[in-house]
């Protein structure tokens, strides 16, 4: 009769062997599964757009390392021309993929920029990897203001990326030129009338008093008499007048403007004076420069109802006025 203890020992050994075999099998299976999840196949990136490449490598759990940029006659700009490792290689997640990005063809045909606005021309220049060269300007009766008249290199010429493009811009139709009239000695209203007849614009009016010169007359002007000026140029005047005195009928024939004057505070240093006119839809500086202490400024202010006039002295608001 067989020994029961020996029989029980054999059964226990078989059970233990089965448990060990099952554990090893489970471990190997789990290891293979985990290992297979960590391994990816490197895709073919050559010729692909760089943004697409970044997305696909991120989805695969791989890192993108840009090795550099090179010119390519065959592969467009911002597309991949080289990768490492090569396609179809098995790689663990978290590893690096090195790429080289195309800068496009080194030599391109120069785009035609003529008759385009300067802003549009600049965009095209930058898109083609070119640099902004020198700008020259001239008047033209054919090309609109700020449009391109000519370019160097010319349209269709071969140019290397990174090369500079020089442009000739239009200033529009040439304004007519006039000889600056003599305004010294004139009264203010007569001087303004002469300025308008010459197709010029009244600019700033300042007040300085000289005992030896006729009162309420022009003592200085800018531009100087006899100089060549273009129509639309502003003319600044100095009037022989004591600061603070009342006007005596000046600008009686001028309509749609208000007459404004401001006297700077006394002292030793020049003051930075800025006069700003602000309305619902606009804000313009009527005056912005340094003025001697105690000097009086005269300005013609457009009659924009409801607008506000602000006076700043050394960037500090010193006066405000509603335009009625």
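The values are calculated or read from the model by the stated rules, or taken from the named source; none is laboratory data. Bear in mind that the values here come from a model prediction, so they are computed numbers and not experimental data. Using ideal geometry, Cβ is built from the backbone for each residue, glycine included, and neighbour counts are taken over all protein chains shown.
Here are the numbers for the structure shown:
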item: Residue among 80, 101 that alone is in a strand (DSSP E or B), in contact with a helix residue (DSSP H, G or I) (Cβ under 7 Å, 6 or more places away or on another chain) and closer than 30 Å to residue 167 by Cβ; result: 101
item: Unmet criterion (only one of (1) in a strand (DSSP E or B); (2) modelled with pLDDT of 90 or more; (3) within 30 Å of residue 239 (Cα to Cα)) for residue 181; result: (1)
item: Selection status of residue 224, assigned by TED's automatic domain parsing to the domain that holds residue 266, at pLDDT 85 or above and part of a loop (DSSP other than H, G, I, E, B); result: yes
item: Given (1) crowded, with 16+ Cβ neighbours inside 10 Å; (2) free of Cβ contacts under 8 Å to residues at least 40 places away in the same chain; (3) assigned to a loop (DSSP other than H, G, I, E, B), number of the condition residue 129 does not satisfy; result: (2)
item: Members of the range 173-189 found to be exposed (fewer than 14 other Cβ atoms within 10 Å of the Cβ) and without any contact (Cβ under 8 Å) to a residue 40 or more places away in the chain, listed by number; result: 173, 174, 185
item: Residue that is nearest to the chain's Cα centre (by Cα), among those in the range 192-220 that are at pLDDT 90 or above and under 19 Å from residue 260 (Cα atoms); result: 218
item: Those strands (runs of 3 or more DSSP E) lying entirely in the range 227-286 with at least 1 residues farther than 30 Å from residue 176 by Cα and at pLDDT 80 or above; result: 234-240, 257-263, 271-278
item: Within the range 305-320, considering residues that are surrounded by 11 or more Cβ atoms within 10 Å (Cβ to Cβ) and in a loop (DSSP other than H, G, I, E, B), the one farthest from the chain's Cα centre (by Cα); result: 307
item: Selection status of residue 114, closer than 30 Å to residue 147 by Cα and either buried (at least 18 other Cβ atoms within 10 Å of the Cβ) or assigned by TED's automatic domain parsing to the domain that holds residue 152 (or both); result: yes
item: Tally of residues being in contact with a strand residue (DSSP E or B) (Cβ under 6 Å, 6 or more places away or on another chain) and over 12 Å from residue 99 (Cα atoms) across the range 42-72; result: 4
item: First in the range 305-320 and in the same structural domain as residue 289 (by TED's automatic domain parsing), second anywhere and outside any strand (DSSP E or B), Cβ under 6 Å, 6 or more apart; result: 307/279; 307/323
